[in-house]
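Presented below is the structure to which this report refers.
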Amino acid sequence: MSALQKSLATLAAAIALSGTSLAAQAEDSPRYNQVSLHAEASQEVAHDRMHVTLYSEEQDADPAKLAADTTNALNAAVAEARKVKGVTVSLGSRNSYPIYEEKGQKISAWRERAELRLESADFAALSQLTADLLGKLKMGNMSFSIADATRQQNEDSLMKSAVAAFKARAQLLTGALGGKDYRLVNLNLSSAGNPRPMPVMRMAAMKADAAPAPTIEAGSSEVTVSADGTIEVLMP
């Protein structure tokens with residue numbers, strides 16, 4: 001390499017190093033007139049999924065017989081539930097534990113508990129099925145939720161509203177600070193849902209000897225999309 005080529009190479013390296021240094025300084029330099037903002041949009045969404053948990057809980061001195069009786073009760077309930085169209089059937093937790101005598105030294109019996117979980121968008125069908133199964137199983141819990149597809153559809157719509165609310169606040173704050181415009185530095189969107197409590201009396205009405213299905217009030221949840229971000233106010 002000639003002396004001229006070496007000099008040009010050295011100069012190019014120096015320019016590149018200088019440019020890198022200037023870019024780093026620009027990134028590290030403070031940015032003024034930055035403000036953090038929060039805005040959100042929300043709406044009530046009706047629950048469209050029903051969840052019911054039934055359970056079998058029995059006690060027997062013979063653990064093998066107890067396990068067999070529990071399995072038979074579950075199998076019969078599952079077979080009946082699978083006949084109802086649109087109902088998702090699954091088994092929940094199952095456990096057994098010993099019952100001791102008063103002195104606590106000898107096992108007098110065993111107790112076993114097993115759960116059956118049902119889910120459906122057809123409230124009437126699941127409500128009637130629950131009433132039918134309460135002759136064989138006990139009520140554990142009833143709850144309602146928003147289906148994933150329904151939640152996604154509402155969140156997509158709310159995102160536009162949340163961004164519009166954020167832009168409106170950014171514009172309002174820019175004017176309050178005497179700025180001519182603003183620049184968006186960052187923006188984060190998040191969602192949340194707050195369920196409305198269902199009266200406990202609706203569950204208590206479902207007695208084992210009540211053949212008719214109870215009236216269902218599924219309620220709703222408030223779906224909210226939040227927009228959190230930072231803007232930089234541009235001064236005149």
Scan the stretch 108-124 and tell me whether some residue there is in contact with an Asp or Glu (Cβ under 8 Å, 6 or more places away or on another chain), over 14 Å from SER56 (Cβ atoms) and loosely packed, with under 14 Cβ neighbours inside 10 Å.
yes
Every residue from the stretch 39-57 that is surrounded by fewer than 16 Cβ atoms within 10 Å (Cβ to Cβ) and of a type in the set (D, E, K, R):
GLU44, GLU57
Would it be correct to say that GLY92 is in a loop (DSSP other than H, G, I, E, B) and either hydrophobic (A, V, I, L, M, F, W, C) or surrounded by fewer than 18 Cβ atoms within 10 Å (Cβ to Cβ) (or both)?
no
Looking for whichever is under 30 Å from ARG151 (Cβ atoms), at pLDDT 95 or above and in contact with a strand residue (DSSP E or B) (Cβ under 9 Å, 6 or more places away or on another chain) here; the options are ARG169, ARG196. Which one fits?
ARG169
Restrict the check to the stretch 148-166 and report whether at least one residue is surrounded by 13 or more Cβ atoms within 10 Å (Cβ to Cβ), over 23 Å from the mean Cα position of the chain (by Cα) and within 30 Å of ALA68 (Cβ to Cβ).
no
Kindly indicate which of ALA114, ALA76, ALA64, ALA131 is among the hydrophobic types (A, V, I, L, M, F, W, C), outside the structural domain of GLY219 (by TED's automatic domain parsing) and closer than 25 Å to ILE216 by Cα.
ALA131
What number of residues within the stretch 66-89 satisfy the criterion of being over 27 Å from the mean Cα position of the chain (by Cα) and either part of a strand (DSSP E or B) or touching a residue at least 60 places away in the same chain (Cβ under 8 Å) (or both)?
3
Please name all residue pairs, on different chains or six or more residues apart, with Cβ atoms under 9 Å, provided the first residue is in the stretch 166-183 and is on the phi < 0 side of the Ramachandran plot and the second residue is among the basic types (Lys, Arg) and surrounded by fewer than 11 Cβ atoms within 10 Å (Cβ to Cβ).
THR174/LYS180
In the stretch 34-60, the residues that are in contact with a Gly (Cβ under 7 Å, 6 or more places away or on another chain) and more than 30 Å from ARG113 (Cβ to Cβ):
LEU37
One residue is enough: does the stretch 125-134 have a residue meeting the conditions under 18 Å from GLU58 (Cα atoms) and touching a residue at least 12 places away in the same chain (Cβ under 8 Å)?
yes
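The values are calculated or read from the model by the stated rules, or taken from the named source; none is laboratory data. Bear in mind the structure is a predicted one, so any value in this text is a computation, not a measurement. Here the Cβ is made from the backbone with ideal geometry for all residues, glycine too, and neighbour counts use every protein chain on show.
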